[in-house]
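Novice: Mind looking over this structure? Questions follow.
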Amino acid sequence: MALLVTESIVLHAFDYLETSRILRLLTRDAGVQSVLARGARRSQRRFGSAMDLFAQGIAEIHVRPNRELQTLASLDVTRGRSELGADVGRFTAASMISELVLRFPYDEEATHIFDAVVECFDRIGAAEPDQTLDAALGGAWRIIAHLGFTPALDVCANCHAPINRGAAVSFSHSAGGALCVRCGSLSTGSRVLPSKARDAIRAWTAGNDASRLATTEARAHQRLLREFFQEHLGTDRELRAFRVWEQGGWSAA
Ligand SMILES: [Zn+2]
């Protein structure tokens, strides 16, 4: 049994039996790991705030090869991220990001994904209530880019012809991005992407900020992101955190 010592973030946590918790950790060195925190519910002292969602720190994990569930020896928290739990918009946004990271298919040897998630949580945690949505949308597309799924925006996703920057385009999830006029006219199931929305996704995937979104624009971006996410998952399994994020923010506003 090997001991893995690596920086980790708690993306998901639930009770297990009467005394323990199971966490899903995003680790810097070994992708996503499911770990059993034995006795975590019986003794608060043993793991302390390490059982909280979005907490970040150094984890010591006993790893047995070919097991789905590993054993957490300790998680020494360096960032508690209580700011994400203090506001419903921040909490639902961070939960959506966690769901995206846990469900999107990718090669797990990826330090830069860990850094992208840290940056995203930091931005959401620092955002004013009316800017949480922008921060979450930007972070989600940045993470998608790091995962290797950047959509085509300036060349046609189907025939690779260049596309005029300032124009509204058809966006096809199955083709993987924007379509030229000819391919767009032949495509079914694509939706119109205004040039400002394309500018925003271009900025986000490149790691930049986009201009502030109006409410209707943010809603359209949430829908587009959900469809993109769903297309890449290839299943109809419900995106629960995403749904709460997409619906919740509006009723609270
Ligand atoms: Zn084309």
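Novice: Scan (1) in contact (Cβ under 8 Å) with a residue 12 or more places away in the chain; (2) loosely packed, with under 13 Cβ neighbours inside 10 Å; (3) not acidic (D, E) for the single condition R219 breaks and write down its number.
Specialist: The number of the failed condition is (2).
Novice: Does at least one position in region 54-77 carry a residue that is under 26 Å from Q230 (Cβ atoms), touching a Gly at 6+ places or on another chain (Cβ under 7 Å), of a type outside the set (S, T, N, Q) and not in a strand (DSSP E or B)?
Specialist: Step one: filter region 54-77 for residues under 26 Å from Q230 (Cβ atoms), giving 54, 68.
So of that shortlist, the ones also touching a Gly at 6+ places or on another chain (Cβ under 7 Å) come out as none.
The answer is no, given that none of the residues of region 54-77 is under 26 Å from Q230 (Cβ atoms), touching a Gly at 6+ places or on another chain (Cβ under 7 Å), of a type outside the set (S, T, N, Q) and not in a strand (DSSP E or B).
Novice: Turning to a different aspect of this structure: Select, from L147, L100, the only residue that is without any contact (Cβ under 8 Å) to a residue 60 or more places away in the chain and surrounded by 13 or more Cβ atoms within 10 Å (Cβ to Cβ).
Specialist: Just a single option satisfies the conditions, and that option is L147.
Novice: What tally of residues in region 193-240 results from selecting those that are closer than 19 Å to E99 by Cα and of a type in the set (A, V, I, L, M)?
Specialist: 4
Novice: Could you check region 157-210 and list, in sequence order, the residues that are surrounded by 12 or more Cβ atoms within 10 Å (Cβ to Cβ), among the polar types (S, T, N, Q) and more than 25 Å from the chain's Cα centre (by Cα)?
Specialist: Of everything in region 157-210, those that are surrounded by 12 or more Cβ atoms within 10 Å (Cβ to Cβ), among the polar types (S, T, N, Q) and more than 25 Å from the chain's Cα centre (by Cα) turn out to be N158, S187.
Novice: Read through the list (1) over 26 Å from L23 (Cα atoms); (2) not in a loop (DSSP other than H, G, I, E, B), then give the number of the only condition that T132 fails.
Specialist: Here T132 clears every test but (1).
Novice: While we're on this one: Whether any residue in region 122-132 is at pLDDT below 95, among the hydrophobic types (A, V, I, L, M, F, W, C) and surrounded by 22 or more Cβ atoms within 10 Å (Cβ to Cβ) is what I want to check.
Specialist: The answer is no, given that none of the residues of region 122-132 is at pLDDT below 95, among the hydrophobic types (A, V, I, L, M, F, W, C) and surrounded by 22 or more Cβ atoms within 10 Å (Cβ to Cβ).
Novice: Please go through region 49-82 and pick out each residue that is surrounded by 18 or more Cβ atoms within 10 Å (Cβ to Cβ) and not small (G, A, S).
Specialist: Within region 49-82, M51, F54, Q56, I61, Q70, L72, L75, V77, R81 meet the criteria.
Novice: Where in region 136-253 are there helices (runs of 4 or more DSSP H), lying fully within it, with 2 or more residues that are away from the ligand (no atom under 16 Å from the Cβ)?
Specialist: Fully inside region 136-253 and qualifying: 195-205, 215-233, 240-252.
Novice: What tally of residues in region 27-53 results from selecting those that are in a loop (DSSP other than H, G, I, E, B) and touching a residue at least 60 places away in the same chain (Cβ under 8 Å)?
Specialist: Qualifying residue count for the region: 3.
Novice: Now a separate question. I'd like to verify a number: residues in region 173-205 that are modelled with pLDDT under 95, of a type in the set (S, T, Y) and in contact with a helix residue (DSSP H, G or I) (Cβ under 7 Å, 6 or more places away or on another chain), how many?
Specialist: Looking only at that region, the number is 2.
The values are calculated or read from the model by the stated rules, or taken from the named source; none is laboratory data. It should be emphasised that the depicted structure is a prediction, and the values quoted were computed from it without experimental measurement. Virtual Cβ from ideal backbone geometry, glycine too; neighbours counted across all protein chains shown.
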